[in-house]
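We did not get these values from a lab; they are worked out from the coordinates using the rules stated. This one's a predicted model, so the numbers in the text were calculated from it and none came from an experiment. Please note: Cβ atoms are built from the backbone with ideal geometry, for glycine as well, and neighbour counts cover all protein chains shown.
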Amino acid sequence: MDDFINQALIHNSTDYSDKKSVYKANRAADKMREIAKSVCCEEEVKKFIESLNHPVAGKWIAFTFADNPILTSSQKAKCVKKIRTIASGNDADAIGAEMWLSERGL
């Protein structure tokens, strides 16, 4: 969990005018997806879902865990709710969230 949060913090500090910073952010995003895919027990999943309101990592938890087949329907609904909230914004994250929802017919 700590590594996931650290990767989210790295990604959050991206300077899009700096290629090295963008590369570092992309690596952090890849690492978060790897961490999410490696979570296979219900207790671990529960810890992540309980952190959906983390100010930086929460959105990454929602996106990387929502498609995980180990989630209960309630846990998936919490992730989708978080993504819908992100989609209601006026920034690049909102556009990404809208695309994510559209791709899944939600």
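Worth pointing out:
- Fraction in percent of alpha-carbon pairs per bin - 10 Å, the chain: 15, 46, 33, 5, 0
- Relative contact order, whole percent, for the chain stands at 19, derived from Cα pairs under 8 Å and 6 or more residues apart.
- About the centre of its Cα atoms, the chain shows a dipole size close to 120 debye [charges on the beta carbon of Lys, Arg (+1) and Asp, Glu (-1) only; nearest 20 debye].
- Residue among N68, V22, H54 farthest towards the positive dipole end of the chain, charges placed on Cβ: N68
- For K46, the aspartates and glutamates whose Cα comes closer than 18 Å to its Cα, not counting residues fewer than 8 places off in the same chain, are D2, D3, E34, D67.
- Relative contact order [Cα under 8 Å, 6+ residues apart], region 49-100, whole percent: 27 percent
- Exceeding the 21 Å Cα-Cα cut-off - candidates K19/K82; K20/K82; K20/K47; K37/K76; K37/K59; K24/K82: K19/K82; K20/K82; K20/K47; K24/K82
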